[in-house]
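Visitor: Could you have a look at this structure, given as structure tokens, before my questions?
The values are calculated or read from the model by the stated rules, or taken from the named source; none is laboratory data. Fair warning: this is a prediction, and the values are worked out from it, not measured in the lab. Glycine gets a Cβ as well: all are built from the backbone with ideal geometry, and neighbour counts include every protein chain shown.
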Amino acid sequence: MRRVFFLTILMCGGSSLFALDNGLARTPPMGWNSWNKFACNVSESLIRDAADAIVSTGMKDAGYQYVVIDDCWQVSRDAEGNIVPDAKRFPGGMKALADYIHSKGLKFGIYSDAGTGTCQNRPGGRGYEFQDARQYAAWGVDYLKYDWCNTTTQNSVASYSIMRDALAKSGRPIVFSICEWGSSKPWLWAKDVGNLWRSTGDIQDKWDIEMKWGGHGVVQILDLQDGIEFASGPGHWNDPDMLEVGNGGMNTTEYRAHFSLWCLMAAPLMAGNDIRSMTDEIRGILTNKEVIAVDQDALGYQGRRVKRDGGREIWSKQMADGSRAVALLNRGDSETEIRVAWTDIGYPDSVSAAVRDLWAHQDLGSQQGGFAAKVPSHGVVMVTVRPR
């Protein structure tokens, strides 16, 4: 009888038995990751400097928490199978580095891979998941990015579920970031496994580009995100990849649009530039608290494209207070006027609503029926709309 009862639970509610429920990432994680700017050129001094810069530039005050070392920190495994950091680049060791980051009021993140090797052919986690998770917890890791290179015939759901379970048994709360590039449609399964999952291939520091190996520009990623918003919410987020803001491949207008749309899509905000030497313009984009508030809204709704007319687009996100955040996006090559009707974003024409420009930090007064603005090429006008 007990056996039949157990089988019934598995058949009727099996997914809930194994669902991720770590209480973390109730809003999209915010932080900094080393890869986009520094790739394998990582070191203890760089990571300490990055932590210092998050504090000194106002990024911590704006909500950024995680300092994440990406690939190339690890070099081998010892005789007992323990992962070994590069002693030349990290002479103080990972525990001391984590302690330093924690002393700044920040959190420490690290990178590994579900395969036998990382994307840069350093030791991967396959077969060592529980051992690695215990080690990460002992070091004081708060965030794990887990890639998908050198995986051959592995099943993504099974492989990531093993590490999910290992982290759950590690004794430390660790945000789990799945990075399998959207290859197995993780928006259909990953909310039971990770706190966030890459929903596209790798971002490029370009407005509009499609690489043969799967890299995407900003507008290609936008198109790939549209339609999968149903999967996102508190504790589980679609991840359109890290931010390229400030890395030099786009202009300020494009970077502002890039950041605006990531916030409207409730994306994790992982800065990827050299925050030690960024300009005031770039710092102003990354620390715009009004735009960040859209990303961090407690409702956790991922914004979506509600209208498209050639290169003119309207993206809208429902907010916890019943208002809407709206981005008027111009993908065209010249300035154009874009108008949003209240009916486009779920309000009746008769509504009178207060409109605020989140980049100008300016109230635009009460508008009835809709709102229009001139939008620069490859730019956005981003507003909140609050019915009176």
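Visitor: Tell me, which residue of the stretch 279-298 that is free of Cβ contacts under 8 Å to residues at least 60 places away in the same chain and over 13 Å from Thr384 (Cβ atoms) is surrounded by the fewest Cβ atoms within 10 Å (Cβ to Cβ)?
Guide: Asp280
Rundown of residues vs (1) under 26 Å from Ala372 (Cβ atoms); (2) outside the structural domain of Asn36 (by TED's automatic domain parsing); (3) among the basic types (Lys, Arg), yes/no style:
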{"position": "Trp262", "(1), (2), (3)": "yes, no, no"}
{"position": "Pro268", "(1), (2), (3)": "no, no, no"}
{"position": "Gly272", "(1), (2), (3)": "no, no, no"}
{"position": "Trp315", "(1), (2), (3)": "yes, yes, no"}
{"position": "Asp321", "(1), (2), (3)": "yes, yes, no"}
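Visitor: So, one more: Within the stretch 55-155, which strands (runs of 3 or more DSSP E) (wholly inside it) include 3 or more residues that are under 19 Å from the mean Cα position of the chain (by Cα)? Give the derivation first.
Guide: On the way: elements: 66-68, 74-77, 83-85, 107-113, 143-147.
In the stretch 55-155, the matching strands (runs of 3 or more DSSP E) lie at 66-68, 107-113, 143-147.
Table: residues versus (1) buried (at least 18 other Cβ atoms within 10 Å of the Cβ); (2) hydroxyl-bearing (Ser, Thr, Tyr); (3) in contact (Cβ under 8 Å) with a residue 24 or more places away in the chain.
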residue: Lys60; (1), (2), (3): yes, no, yes
residue: Ile69; (1), (2), (3): yes, no, yes
residue: Pro91; (1), (2), (3): no, no, yes
residue: Ile110; (1), (2), (3): yes, no, yes
residue: Thr118; (1), (2), (3): yes, yes, yes
residue: Asn121; (1), (2), (3): no, no, yes
residue: Ala133; (1), (2), (3): yes, no, yes
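Visitor: If you don't mind, there's one more thing I want to ask. Please count how many residues of the stretch 214-234 are surrounded by fewer than 22 Cβ atoms within 10 Å (Cβ to Cβ), of a type in the set (A, V, I, L, M, F, W, C) and in contact with a strand residue (DSSP E or B) (Cβ under 8 Å, 6 or more places away or on another chain).
Guide: 3
Visitor: Now, a different point. Do we find that Gly370 is without any contact (Cβ under 8 Å) to a residue 40 or more places away in the chain, in the same structural domain as Ala325 (by TED's automatic domain parsing) and either under 18 Å from Leu264 (Cβ atoms) or buried (at least 17 other Cβ atoms within 10 Å of the Cβ) (or both) in this structure?
Guide: For Gly370, the condition - without any contact (Cβ under 8 Å) to a residue 40 or more places away in the chain, in the same structural domain as Ala325 (by TED's automatic domain parsing) and either under 18 Å from Leu264 (Cβ atoms) or buried (at least 17 other Cβ atoms within 10 Å of the Cβ) (or both) - is met.
Visitor: Same structure, new question: Kindly provide the set of residues from the stretch 71-89 that are surrounded by fewer than 20 Cβ atoms within 10 Å (Cβ to Cβ) and out of contact with any Asp or Glu (no Cβ under 6 Å at 6 or more places or on another chain), ordered by number.
Guide: Passing the criteria: Ser76, Arg77, Asp78, Ala79, Glu80, Gly81, Asn82, Asp86, Ala87, Lys88, Arg89.
Visitor: Sticking with this structure for a sec: Out of the strands (runs of 3 or more DSSP E) lying entirely within the stretch 286-388, which hold 1 or more residues that are within 26 Å of Lys60 (Cβ to Cβ) and of a type in the set (A, V, I, L, M)?
Guide: Fully inside the stretch 286-388 and qualifying: 324-330, 379-387.
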